[in-house]
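Below is one structure, written out as structure tokens; the observations come after it.
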Amino acid sequence: MAWEYVILNRLPTAQNYHDLRRDANLTPPPMHGDIVQRALDNSFVCFLAFERNLMLDDTTPGSNQEAVGMGRLLGDGTLFLQLCDVAVHPAHQGKGIGKQIIQKLVEYTDEHAPQAYVSLVGEPMGQGLYTKYGFEDVSPSIGMFYCPRIQNDPEFRKLRESKAAQMTRK
């Protein structure tokens, strides 16, 4: 029996990208102007997962068919890459889509940028997944970020405080 999804090397629409991030509980990007499309156009590579039964053929999504999973690599294409935007719609989680996308991203890196240092910021529940594909903890270094749009958002602050409290209880 064929796997029920097809993974393709292509970009999502700006709206599909926004919606997948939102639905997967990742911070969605602002949807004003063409900033999302510009960001997507600057990807090193992006893989999308589509439901096979809605495809016209193995390489062509149906009309208006949206991706149900995605993952991207950003960077200079040679020495430094960042794995980001690994997101799977909740209705399709637990079916191996994230694993397949990460595998494709690692294989693509091995072929097209074998000398690259690939970094990522992973949510606690996804960290075990990344180690299966060769990613290692950067200790004693720490991950940091700067983004006033997010850092100044009261909802984001509340969410971070809640996640931090959960982590200290464990």
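We did not get these values from a lab; they are worked out from the coordinates using the rules stated. The structure presented is a predicted model; accordingly, all values stated were derived computationally and were not measured. Note that each Cβ is placed from the backbone with ideal geometry, even for glycine, and that neighbours are counted across all protein chains shown.
Using only side-chain charges placed at the Cβ, +1 for Lys and Arg and -1 for Asp and Glu, the dipole size of segment 5-142 relative to its Cα centre rounds to 220 debye. Evaluating 6.51 cos²θ - 1.76 cosθ + 1.60 at θ = phi - 60° for every residue in segment 104-118, the Karplus couplings come out as 5, 5, 5, 4, 4, 4, 4, 7, 9, 8, x, 8, 6, 8, 9 Hz, glycine and proline recorded as x.
Positive-end ranking of THR78, LEU120, LEU20 along the dipole of segment 5-142, with charges on Cβ about the Cα centre, is headed by LEU20. Between ILE142 and GLN166, the simple spin-label model (points 7 angstrom out along Cα→Cβ) gives 2.1 nm.
Counting only lysines at least 8 places from LYS132 when in the same chain, those with an alpha carbon closer than 22 Å to its own are LYS95, LYS99, LYS104.
Karplus-based coupling profile of segment 147-152, in residue order and whole Hz: 6, x, 4, 8, 4, 8, with θ = phi - 60° in 6.51 cos²θ - 1.76 cosθ + 1.60 and x standing for Gly or Pro.
Here the residues LEU48, LEU159, ranked from fewest to most Cβ neighbours within 10 Å of their Cβ, fall in the order LEU159, LEU48. Model label sites at SER63 and ASP76, defined 7 Å from Cα along the beta-carbon direction, differ in position by 4.6 nm. With N as its number of residues, the chain has a Cα radius of gyration that, divided by 2.2 N^0.38 Å, comes to 1.07.
Each residue of segment 42-57 was assigned a 3J(HN,Hα) from its phi angle through the Karplus expression (A = 6.51, B = -1.76, C = 1.60, θ = phi - 60°), giving 8, 5, 6, 7, 9, 10, 10, 9, 10, 5, 4, 5, 9, 6, 6, 7 Hz with x at Gly and Pro.
Segment 132-156 and segment 1-49 have Cα centres separated by 20 Å. When MET144, MET31, MET55 are sorted by how many other C-beta atoms sit within 10 angstrom of their C-beta, beginning with the fewest, the order is MET144, MET31, MET55. Under the criterion of Cα pairs below 8 Å and six or more residues apart, the relative contact order for the chain equals 18 percent.
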